[in-house]
Amino acid sequence: MPAVISTAGLARTFRTKAGPVDAVRCVDLTVHEGEILGFLGPNGAGKTTTLRMLTTLLKPTGGAATVAGCDLATDPAGVRRASGYVAQSGGADPQITVREELVTQGRLYRLPKAEAVARAAELAEELDLTSLLDRKTGALSGGQRRRLDIAMALTHRPKVLFLDEPTTGLDPAGRADLWTLVRRLRDEHGTTVFLTTHYLDEADALADRLVIVDRGTVAAEGTPNALRLRHAGSLDATLQDTFLAITGRGPAAPAGPAPVAV
Amino acid sequence: MLLHDTALVYGRYLRQSLRSRFALLFGVLTPLLYLLFFGPLLTELPLGGQGSSWQVLVPGLLLQLGLFGALFAGFAVIIEKGQGVVERMRVTPVSRLALLLGRVLRDATVFVFQAVLLVLAALVMGLRAPLAGVLIGFAFVALLTLSLASVSYALGMKVRTPQEFGPLINMVSMPSMLLSGLMLPMTLAPAWLDVLSHFVPFRYLVDAVRDAYVGHYTTPHMLYGTLVALASTALSVTLGTRVFRTTGA
Ligand SMILES: Nc1ncnc2c1ncn2[C@@H]1O[C@H](COP(=O)(O)OP(=O)(O)OP(=O)(O)O)[C@@H](O)[C@H]1O
Ligand SMILES: [Mg+2]
């Protein structure tokens with residue numbers, strides 16, 4: 001399978017008044033076409049920063065990356081055309097209606113007027129926003145707003161979709177819907193999905209493969225089961241224990257509650 | 001593409017302005033109060049220029065409108081950054097220059113509209129000025145807005161909080177207002193103040209519009225005012241574009 005995203009030594013240091021902050025030190029990863037990648041890590045591990053670099057919002061201070069065959073540094077426009085991004089904190093203007101936001105998004109992706117209007121209706125249908133089209137986005141519930149953010153990111157049917165904690169704040173039904181949507185995008189359109197989450201059950205259920213970052217570097221990667229075996233010693237281990245074993249946080253000892261095999 | 005994107009961004013923000021009609025009119029309030037309660041004080045005073053006191057005051061009020069309004073435009077960007085709107089737009093292929101131009105052109109539209117309202121009110125109060133001069137005045141308001149709003153947006157992209165932004169803007173706006181002879185012509189000032197005010201670019205615009213309002217279109221004031229306005233617009237838009245191109249907000 002060809003790689004859709006590949007990074008080499010990707011790094012970002014923020015300069016702040018209190019001194020430099022190495023948010024991302026060195027991230028090497030590969031994501032294959034049509035893969036759903038779970039990008040996990042404790043708070044402050046550098047997930048959002050990595051996503052912002054991969055979506056051209058932030059210039060890396062080190063390393064290189066390509067997204068959908070376009071180099072981040074030399075062809076940011078190509079990267080933007082190929083990818084959709086849902087930010088951790090969303091991106092809708094509370095004073096504007098759902099309809100206007102969706103149409104504007106289409107126009108920002110250079111769809112002609114009529115097509116943008118049609119696409120907005122289609123997306124609203126797909127994400128169950130049709131009855132909310134004329135409501136201001138500020139008057140949506142958290143879950144509804146999340147669906148709008150996702151609809152906006154899907155406007156141009158991107159090859160790669162970056163989702164930063166897409167299900168935070170969603171109710172169980174909303175999360176299940178989102179999982180279904182993500183799987184459908186992959187199955188029907190071959191979309192590659194790069195998502196972060198703090199819900200390990202979500203990572204387990206949804207992701208083909210996990211990359212776990214800690215303090216700005218990749219601490220482990222593999223399928224959920226491979227990680228369980230390697231880091232918690234057993235396929236029966238919870239992903240939670242595996243995660244804690246990898247990041248060395250929390251009370252769990254490296255072995256976790258399950259007895260170490262052999 | 002630039003044209004398409006600029007029109008799109010312009011439309012979005014113009015609709016935003018039209019939605020808050022109250023804010024649209026509120027902007028004229030301060031200069032209007034000056035016009036109503038300060039203007040009449042000047043009618044009998046020897047201000048040293050040609051024409052009536054209204055021809056001295058109104059150009060100043062017009063530029064004051066642009067000065068304060070446009071300098072604070074960047075606040076909107078800080079708020080939009082917090083809402084994630086800025087990043088959401090910046091991940092799309094939309095032209096970065098258009099993100100700036102659409103906004104500043106909207107501001108120019110709004111302030112010229114407010115300037116028209118102000119001049120209409122001034123006509124009622126007793127202003128008489130040649131039409132060409134009045135139109136030139138609007139052109140200066142537009143250029144001033146383009147220039148200051150660009151700087152303001154660039155600053156808004158750079159700072160994190162409104163608390164950082166406000167004081168910086170006040171540091172520029174108050175001295176600019178006082179040192180440019182916005183309310184009363186600097187020709188009334190003692191020599192040292194007059195000299196000092198020549199270092200404030202804003203002064204040249206005020207002098208130019210005052211000349212325009214008395215029908216003098218080919219004076220050195222007009223020449224310098226035009227040059228300063230065009231140069232600072234070019235400079236500011238260039239600076240703004242650079243910031244909008246590169247900033248990972
Ligand atoms: N603009 C910035 N300026 C300075 N430091 C920053 C900036 N953005 C992020 N950081 C720091 O970089 C580190 C990584 O932040 P990042 O947002 O990437 O973490 P994260 O993995 O997404 O965390 P979370 O799970 O809490 O969302 C943190 O220590 C954060 O404080
Ligand atoms: Mg984050």
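The values are calculated or read from the model by the stated rules, or taken from the named source; none is laboratory data. Predicted model, so just to flag it, every value in this text is computed and none were measured. Note: ideal-geometry Cβ built from the backbone for every residue, glycine included; neighbour counts use all protein chains shown.
Hey, among the residues in region A:21-40 that are of a type in the set (A, V, I, L, M) and either near ligand 1 (Cβ under 10 Å from one of its atoms) or within 12 Å of chain B (Cβ to nearest Cβ) (or both), which one's nearest to A:Thr192 (Cα to Cα)?
A:Leu40
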*Return the only residue of B:Leu14, B:Leu41, B:Leu18 being of a type outside the set (Lys, Arg) and either more than 14 Å from chain A (Cβ to nearest Cβ) or not in a helix (DSSP H, G or I) (or both).*
B:Leu41
*Hey, could you check region A:41-65 for residues that are farther than 16 Å from A:Asp22 by Cβ and within 13 Å of another protein chain (Cβ to nearest Cβ) and say which is nearest to ligand 1 (Cβ to nearest atom)?*
A:Leu51
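Quick check on this structure: which one of A:Pro112, A:Pro158 is touching a Gly at 6+ places or on another chain (Cβ under 7 Å) and within 28 Å of B:Gly102 (Cα to Cα)?
Details: A:Pro112 fails: touching a Gly at 6+ places or on another chain (Cβ under 7 Å).
Unique residue meeting the criteria: A:Pro158.
I'd like the residue in region A:53-63 that is of a type in the set (A, V, I, L, M) and at pLDDT 95 or above and, out of all such residues, is nearest to the chain's Cα centre (by Cα).
This residue is A:Leu54.
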*Output the number of the condition that B:Leu123 fails; it satisfies all remaining conditions of (1) of a type outside the set (D, E, K, R); (2) under 28 Å from A:Asp93 (Cβ atoms); (3) in a helix (DSSP H, G or I).*
(2)
*Kindly indicate which of B:Gln55, B:Gln114, B:Gln50 is surrounded by fewer than 17 Cβ atoms within 10 Å (Cβ to Cβ), in contact (Cβ under 8 Å) with a residue 12 or more places away in the chain, farther than 24 Å from A:Ala87 by Cα and away from chain A (no Cβ under 11 Å).*
B:Gln50
*What pairs can you find where one residue is in region A:83-105 and free of Cβ contacts under 8 Å to residues at least 24 places away in the same chain, the other is assigned to a helix (DSSP H, G or I), and their Cβ atoms are less than 7 Å apart, with a gap of 6+ or different chains?*
A:Val103/A:Ala116; A:Val103/A:Val117; A:Val103/A:Ala120; A:Thr104/B:Arg12
*Index of the failed condition, A:Gly90 passing every other in (1) within 16 Å of ligand 1 (Cβ to nearest atom); (2) modelled with pLDDT under 95; (3) over 19 Å from B:Ile79 (Cβ atoms)*: (3)
*asked:* Give me the strands (runs of 3 or more DSSP E) completely within region A:15-102, filtered to those with at least 2 residues that are more than 16 Å from ligand 2 (Cβ to nearest atom) and under 25 Å from A:Thr168 (Cα atoms), ordered by residue number.
replied: A:19-32, A:83-86
*May I ask you to say which residue of B:Ser147, B:Ser197 is of a type in the set (Gly, Ala, Ser) and surrounded by fewer than 22 Cβ atoms within 10 Å (Cβ to Cβ)?*
B:Ser197
*Mind listing whichever residues of region A:161-213 are more than 14 Å from every other protein chain (Cβ to nearest Cβ), of a type in the set (D, E, K, R) and within 16 Å of ligand 1 (Cβ to nearest atom)?*
A:Glu202
*What is the number of the single condition among (1) within 16 Å of ligand 2 (Cβ to nearest atom); (2) touching a Leu at 6+ places or on another chain (Cβ under 6 Å); (3) closer than 29 Å to B:Leu3 by Cβ that A:Arg107 does not meet?*
(1)
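Between B:Val243, B:Val209, B:Val195, B:Val228, which is part of a helix (DSSP H, G or I) and within 14 Å of chain A (Cβ to nearest Cβ)?
Within the list B:Val243, B:Val209, B:Val195, B:Val228, the selection yields B:Val243.
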_Close pairs from region A:219-239: first farther than 17 Å from A:Leu37 by Cβ, partner of a type in the set (D, E, K, R) and part of a helix (DSSP H, G or I), Cβ under 6 Å, at least 6 apart_ = A:Ala232/A:Asp241; A:Leu235/A:Arg228; A:Ala237/A:Arg228
*Across region A:189-203, what is the number of residues that are within 8 Å of the chain's Cα centre (by Cα) and assigned to a loop (DSSP other than H, G, I, E, B)?*
1
*Is region A:246-261 home to any residue that is modelled with pLDDT under 90, out of contact with any Pro (no Cβ under 8 Å at 6 or more places or on another chain) and under 18 Å from A:Gly38 (Cα atoms)?*
yes
*Provide a single number: the residues in region B:88-139 that are touching a strand residue (DSSP E or B) at 6+ places or on another chain (Cβ under 8 Å) and of a type in the set (Asp, Glu).*
0
